[in-house]
Amino acid sequence: MVENFLAGAEDAGAETENIILADRKIGHCTGCFACWLKTPGKCIIKDDMEELLEKFSADIIVFATPLYVDNVTGIMKDFMDRMIPRLEPYIGKDENGECKHPVRTGHMPGFILISNCGFTGIEHFQVLKLLIRRVARNAGSKILAEIYRDGGGILASSMLVLKPFLMHYRKLLRKAGYELVTDGRISEKTQSKLEKPIIPPEQY
Ligand SMILES: Cc1cc2nc3c(=O)[nH]c(=O)nc-3n(C[C@H](O)[C@H](O)[C@H](O)COP(=O)(O)O)c2cc1C
């Protein structure tokens, strides 16, 4: 899903980088708050997060995760936890009067979420939908797009009979990436096509 979406973004002239978190060394946040109180903006854990946090100078960050126990994967959660050096320790208020920390550099990229799950039914993404809203709010970001694929177990299938259906879906993802870069959003038409089942749920 990510590869096709990014290919579309590149068609529209964007520079992209696909980082596989599972290939990186990302330790758990220990909650020591050194990144706020001792070495402002810098985590004392020496691993790949130092390099990955520099990527937040980008315009957009796409969080892509399979659904694990109704949530992001543990690796993605570690990555999200380790984003806190980007924030300042002070507590302010957002436009709804809710507490929040200011963004350290003033710049926070827009967020996109891409996910797939094994079950059919969009309701399986309820937790993820709320989570990304809260993560974006906490980080002072905006959600630019969300792509949820239920019945995602067939995405990696090499069954010949599925090929045309999967090709169609991949083209839609590519279109979504293109639209996002050219128009700043995925069109309603493309979004509604992306939400349709790839094959009927009973067949799945
Ligand atoms: C530990 C674990 C937990 C999972 N939890 C859910 C779940 O809560 N709901 C669901 O629909 N699928 C769940 N799945 C299925 C995955 O979301 C599904 O296999 C998905 O297609 C994997 O995507 P990937 O091929 O990109 O890794 C789970 C899979 C694993 C391994």
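The values are calculated or read from the model by the stated rules, or taken from the named source; none is laboratory data. These figures come from a predicted structure and were not determined experimentally. No Cβ is skipped: glycine too gets one built from the backbone with ideal geometry, and neighbour counts run over all protein chains shown.
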Worksheet item: Are there any pairs with C-beta distances below 6 angstrom linking a residue in segment 180-204 that is at pLDDT 95 or above and among the hydrophobic types (A, V, I, L, M, F, W, C) to a residue that is assigned to a loop (DSSP other than H, G, I, E, B) and surrounded by 11 or more Cβ atoms within 10 Å (Cβ to Cβ), with the two at least 6 apart or on different chains, and if so which?
Response: LEU180/ILE186; VAL181/ALA12; VAL181/ALA14
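Looking at the structure I just gave you, is LYS175 within 13 Å of the chain's Cα centre (by Cα) and either away from the ligand (no atom under 16 Å from the Cβ) or surrounded by 12 or more Cβ atoms within 10 Å (Cβ to Cβ) (or both)?
Numbers: within 13 Å of the chain's Cα centre (by Cα): no; either away from the ligand (no atom under 16 Å from the Cβ) or surrounded by 12 or more Cβ atoms within 10 Å (Cβ to Cβ) (or both): yes.
So LYS175 fails the test.
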Worksheet item: If we keep just the residues of segment 85-127 that are of a type in the set (Gly, Ala, Ser) and touching a Lys or Arg at 6+ places or on another chain (Cβ under 9 Å), which is surrounded by the fewest Cβ atoms within 10 Å (Cβ to Cβ)?
Response: GLY92
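For segment 8-20, give me each residue that is surrounded by 17 or more Cβ atoms within 10 Å (Cβ to Cβ) and either more than 8 Å from VAL181 (Cβ to Cβ) or acidic (Asp, Glu) (or both). If you could, list the steps in order and put the result at the bottom.
Step one: list which residues in segment 8-20 are surrounded by 17 or more Cβ atoms within 10 Å (Cβ to Cβ), which gives 8-9, 14, 16.
Result: THR16, single match.
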Response to the item:
If we keep only residues of segment 1-53 that are of a type in the set (S, T, N, Q) and over 23 Å from ILE112 (Cβ atoms), then the residue nearest to the chain's Cα centre (by Cα) is THR30
Worksheet entry | Test set (1) in contact with a strand residue (DSSP E or B) (Cβ under 6 Å, 6 or more places away or on another chain); (2) within 16 Å of the ligand (Cβ to nearest atom) - PRO102 fails condition number | (2)
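Does ALA145 satisfy being in contact (Cβ under 8 Å) with a residue 12 or more places away in the chain, out of contact with any helix residue (DSSP H, G or I) (no Cβ under 8 Å at 6 or more places or on another chain), away from the ligand (no atom under 16 Å from the Cβ) and not β-branched (Val, Ile, Thr)?
Details: in contact (Cβ under 8 Å) with a residue 12 or more places away in the chain: yes; out of contact with any helix residue (DSSP H, G or I) (no Cβ under 8 Å at 6 or more places or on another chain): no; away from the ligand (no atom under 16 Å from the Cβ): yes; not β-branched (Val, Ile, Thr): yes.
Spelling it out, it is not the case that ALA145 is in contact (Cβ under 8 Å) with a residue 12 or more places away in the chain, out of contact with any helix residue (DSSP H, G or I) (no Cβ under 8 Å at 6 or more places or on another chain), away from the ligand (no atom under 16 Å from the Cβ) and not β-branched (Val, Ile, Thr).
Give me a count of the residues in segment 61-89 that are more than 19 Å from the chain's Cα centre (by Cα) and part of a helix (DSSP H, G or I).
Applying the first criterion (more than 19 Å from the chain's Cα centre (by Cα)) to segment 61-89 yields 88-89.
Next cut, part of a helix (DSSP H, G or I) only: none.
Counting residues in segment 61-89 that are more than 19 Å from the chain's Cα centre (by Cα) and part of a helix (DSSP H, G or I) gives 0.
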Discussion item. Every residue in segment 115-129 that is polar (S, T, N, Q), over 13 Å from the mean Cα position of the chain (by Cα) and over 27 Å from GLU98 (Cα atoms), please.
Written reply: THR120
Worksheet item: Of all residues in segment 21-60, how many are part of a helix (DSSP H, G or I) and exposed (fewer than 13 other Cβ atoms within 10 Å of the Cβ)?
Response: 7
Item to complete: Count, please, the residues in segment 130-156 that happen to be more than 30 Å from HIS101 (Cβ to Cβ) and either modelled with pLDDT of 95 or more or among the charged types (D, E, K, R) (or both).
Response: 7
Worksheet item: Got at least one residue in segment 108-127 being more than 16 Å from the ligand (Cβ to nearest atom) and at pLDDT below 95?
Response: yes
